[in-house]
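This report concerns only the one structure given below.
Derivation of every value follows stated rules applied to the coordinates shown; laboratory data play no part. Note that the structure is predicted; figures quoted are calculated from it, not measured. When we count neighbours, we look across all protein chains shown, and the Cβ atoms used for this are built from the backbone with ideal geometry, even at glycine.
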Amino acid sequence: MNLVNIFLAIPVLVFVLIPFLKVKGTGIVVFLAVISNILLSGYFALQALSGLVIEFSFPGSLVTGPVNLRIDALSGWFIMIINFVFLTGGFYGLSYLKAYHQQKNNLRMHGIVFLLIHSALISLCVVQNSIVFLISWEIMALSGSLAVMFEHEKMAAIKAGQNYLIQSHFSILFLMIGFIWVAFKTGSYDFAAITTYSAANPGGIGLVLFLCFFIAFAIKAGFVPFHTWLPYAHPAAPSHISGIMSGVMIKIGIFGMLRMITLIKCDYYSIGLIILTFSVISGLYGVMLAIMQHNLKKLLAYHSIENIGIIGMGIGIGCIGLGNGNYLLASLGFAGGLLHTLNHALFKSLLFFTSGNVYQATHTLHIEHLGGLIKKMPQTALLFLIAAIAISGIPPFNGFISEFIIYSGFYNWMQGSLLGPLMAIIFSVLALVLIGGLAMLCFTKAFGIVFLGNARHQFHHEIKEVPFLQLLPLYLIAFFIVLIGVFPQFFLNTLSQPVQLFTGMPAQTVIPFQEKIGDILGPVTAGTWIFILIIAATFIGRKVMTRNQKVVIGPTWGCGYVAPTEKQQYTAGSFVRAYGKLFKPFLSVTKTEKEVHGIFPTGGSYETHFYDSLEKYLIDNPIAAYKWLLGRFSFLQNGRLQFYILYGIVFIAAVICVPLIYDQVVLFIEFIKQI
Amino acid sequence: MLSLILIIVAAAFFTGVILRVKSIASGRKGPGIFQPLKDVARLFKKGVVYSETTSFIFQIAPTIYFSSVVMAMLVVPFGQSKGFVSFNGDFIFFAYVLGLGKFFSIISAMDTGSSFEGMGASREALYSMFAEPAFFILMGSIALLTGFTSFQEMFAAFHIGSYISYALAILGTFVLMMVAMVENSRMPIDDPKTHLELTMVHEVMILDNSGFDLGLILTAGYLKFAIYGALVVNMFIGMFPYQYSIPMFFVIQLVLATGVGLIESFMARFRMSHNAQFIFVLTSVSLLIFFGVLLILGKFA
């Protein structure tokens, strides 16, 4: 009880303190506050992960009713992920924000917002009361949009923040509908009411209720077609915030979905199919668009959508397993989804942090202007490479492990399925394989163009590696990426409690989770180790055999041409040109071209702009139509004060008159009914 | 373990046989069957030239590429004897381990800063992306048919129950061989003997590699051919006793090598811009296999 109060008191205390602190002190105080909250919540989370359910109850207020807190294994897992990303992100942010030390008030504001996001996220994981949940959600949305608008002198940042704010409120709208619906029917704002209500009304009701929550959480998580805010918000935010947003803030959508799965009792099979469909589309669409992006952080943002798709596939097959009563399938699905949540939080935050390093060194994120950074920033390059391989799902890193579990789930589901599910499986597997291949195309492009070759642009300042303190948290993340890749058993054992939350406790009838996962993953880990040994052996062999051989340094083979310039290198655009042509129907690219011609040629130009076609049809066109509709009434807003006073009088008169004529109207309607 | 030895032996002659068939078909005397091995042995003894543009990526990439192929080789079984590593879902591991090698060979090509090699890298990334679904659906279909998910168990149980499975095996052979062609960059997707950098895929990626590293890449290529050949053999031998299956292994590998040689002698390479579509057609062929499996299992009823 006391510890919860301390948890809430720390941010409040810091907010009071911040105006009296120097800017340098603000950062440290905020970071310390985050750390103490991490320790507090981590203490409970670790207990929860070992199977203990911790509950607190507060009397609450007249409006909310009693407020219960409940930390179960699922909350514990997400709290640990959130804490890890905030720990590394906060530490990274301390060094990252040094470049902005002159914007004193902005930094203070940012510190407050940072702490608020952390507290709100942790609260969302534990709160069991829908009104308090909505308030925390709103705090997260508001502070998130302020964090996105950190560089508010840039138009793009303001727009991204607004976009995020509006779409977040759509998400809140759907949440409210869901919560109010349940509260209206049961009279309680406690989450337990959702369970009782859906259990009492079997059939379609639970499904519709779930869909309501699904849309709300899908907007947050960035499922296609609710993803359009995400590719704006992530690039506009400062890099540590991008990492946190992509690493954990969108994951709270996944958490919400999982929480609703545990709460709502309905047809899990249909839920599973719905989630699977959305996930497959998100995964493919995300990566397909990511490839075409030339802004490094925007590219990563689209990859978040892709990875949310992969997580969703895990959750989807988990639900299907629940619906079928196939507990192995259910555990594989949920374990894969939850592990991929952690994995994505790790490699995506690492990617965002390293691209932050690139941004600070070069002041650009346009990958066509970059190149050859591996020689100037070798450590950043190495870290980016590790994360890039991990996100492509390639062994020996962590992405492979979770994708392997999801594949195992699919192939497990296959046995004894009927025709319909089989088609779903084969196309999902097809999608997952394509996602892997496309991610590889995308990250070979990103890494190859940004870090390899020669510099494509002459910068007028020296490009150098960021200080070691800024790299330190990144090494920590990389360490975990490798650790999960080569030693996944530990993490999966931790996952056994969260997974059992879904699969129920038929532990005595079925083989325990650890053993099942051990059977599946043990040999993969062994294979990974053998693979690492082979690589090491080949390296040693190569070293021994080439020790006496001559090494000559020469120019790159230029087909006889001896003076190639850096402009003749392959660009990101040309690297994906063949892909762009093949996938043209799904992509919308506008080209403006001015050819060079004539005897005395003047300058030519070639520009391509890339746009999200779903955004055009789902967001831009409806908004344009809505604007057109409202435009019809623009005569009302004619700028004349007299008219505005008249509107006021008309309105007041109407308000007074309605009750007067109300009886007449009722009479009239009765009269019509009688006829 | 047996598969390991067999694959290494097959790799030793596979590429040589292709070269020999091509030389006979074009009426030349041609090199001996073991010429590719001699080439590699020579390369292993030579010094290296590194481009000044390159970084450590370029130096470690061939090693990782080679290791990934060796690891993939350890997974492949032979009939009733398991591969060195064998577990449920090992074919996923197989494909993804090869993926690491591919990742490094692509970025090592981009490390040179040459536009030729960038072009090759771009093509390689695109083609391998399209080839992978075919492999996964093929293996998924066999997994569905047999109820197992490891290479050895799937192949062992492939032909129990119905003879139609042999028809599927033939289709599967086509898919696997075409995937092998893509992976090894041979005709009709890529022409290893072309002399123009613009028309190459794999060759252009390794333009700057030399000495020991080039030797590793070539060896990996020979092994890859034999690995896919071994997979094809596995589609047919099932649980045959060794006295039949081992000769069959060499006969099938020989037939495949001859076939590749003949194709390369009498066919032109596909248009580069149509390659991707062609490769994706493989996916539909493997979908056909999937429907075949559905038919056998009576799922349409």
Low-density loop trypsin sites (Lys or Arg not before Pro), region A:539-641, at most 12 other Cβ within 10 Å, DSSP non-H/G/I/E/B, are A:547, A:550, A:632, A:640
Taking r as the C-beta separation of residue B:29 and residue A:623 and R0 as 60 Å, the FRET efficiency to the nearest 0.05 is 0.20
Quick one: Cα centre-to-centre distance for region B:87-129 and region A:318-339, in angstrom?
32
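What number, rounded to the nearest 500 deg cm²/dmol, is the helix-based mean residue ellipticity at 222 nm of chain B, given -39500 (n - 2.57) per DSSP H run of at least four residues and division by all its residues?
Helix-only estimate at 222 nm: -25000 deg cm²/dmol.
I need to check one value: relative contact order of chain B, counting alpha carbon pairs closer than 8 Å and at least 6 residues apart, in percent.
The normalised contact order for chain B reaches 30 percent.
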Taking every residue of B:98-110, the Cβ atoms of other protein chains inside 10 Å of its Cβ average out to 6
Quick one: go through region A:604-632 and flag any residue whose amide nitrogen is under 14 Å from the point 7 Å out along the Cα-to-Cβ line of residue A:647.
A:630-632
When chain B is treated as a GNM, springs tying every alpha-carbon pair under 10 Å, which of B:287, B:198, B:216 comes out with the largest mean-square fluctuation?
B:198
Would you list, by chain and number, the lysines whose Cα falls below 25 Å from the Cα of residue B:82, excluding same-chain residues fewer than 8 positions away?
A:516, B:224
In region A:613-674, what chymotrypsin sites (Phe, Trp or Tyr not before Pro) fall in a loop by DSSP, with at most 12 other Cβ atoms inside 10 Å?
A:633
Name the residues of region A:561-596 whose amide N is less than 16 Å from a point 7 angstrom out from the Cα of residue B:199 along the C-beta direction?
none
How do A:657, A:442 rank when sorted from fewest to most other Cβ atoms within 10 Å of their own Cβ?
A:657, A:442
Quick one: compute the contact order of chain A, relative version, from alpha carbon pairs under 8 angstrom and 6+ residues apart, as a percent.
11
Please compute, for peptide B:84-95, the average count of beta-carbon atoms on other protein chains lying within 10 Å of each residue's beta-carbon.
6
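Which of the GluC sites (Glu not before Pro) found in region A:136-243 are loop residues per DSSP with 12 or fewer other Cβ atoms within 10 Å of their Cβ?
Values: sites: A:138, A:151, A:153; in loops: A:151, A:153.
Answer in residue order: A:153.
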Shielding of A:538-545 by other chains, given as the mean Cβ count within 10 Å, works out to 4
Looking only at B:188, B:36, B:241, which one moves most when chain B is put into a Gaussian network model with springs between Cα atoms under 10 Å?
B:241
Report, in degrees rounded to the nearest 10, the 0 to 90 angle that the Cα long axis of helix B:56-75 makes with the longest principal axis of chain B.
20
In the structure shown, do any of A:154/A:594; A:159/A:627; A:445/B:45; A:375/A:550; A:297/A:584 have a Cα-Cα gap over 26 Å, and if so which?
A:154/A:594; A:445/B:45
Dividing the helical contributions, -39500 (n - 2.57) per DSSP H run of n ≥ 4, by the residues of chain A yields a 222 nm value, nearest 500 deg cm²/dmol, of -24000 deg cm²/dmol
Sorting B:119, A:155 on the 10 Å Cβ count, fewest up front, what's the list?
A:155, B:119
From phi via Karplus (6.51, -1.76, 1.60), per-residue ³J(HN,Hα) for region A:203-212 in Hz, x at Gly/Pro
x, x, 4, x, 5, 5, 4, 4, 4, 4
Cut-off under 5 Å, modelled amide H: who pairs with residue B:78 long-range:
B:3, B:83
Most fluctuating of B:196, B:168, B:19 in the GNM of chain B (C-alpha, under 10 Å) is B:196
Return, for the Cα atoms of region B:2-296, the radius of gyration and Dmax in Å, separated by a comma.
18.7, 60
Using bins 10 angstrom wide from zero, how does P(r) for the protein assembly as shown break down, in % of all Cα pairs?
2, 11, 20, 23, 19, 13, 7, 3, 1, 1, 0, 0
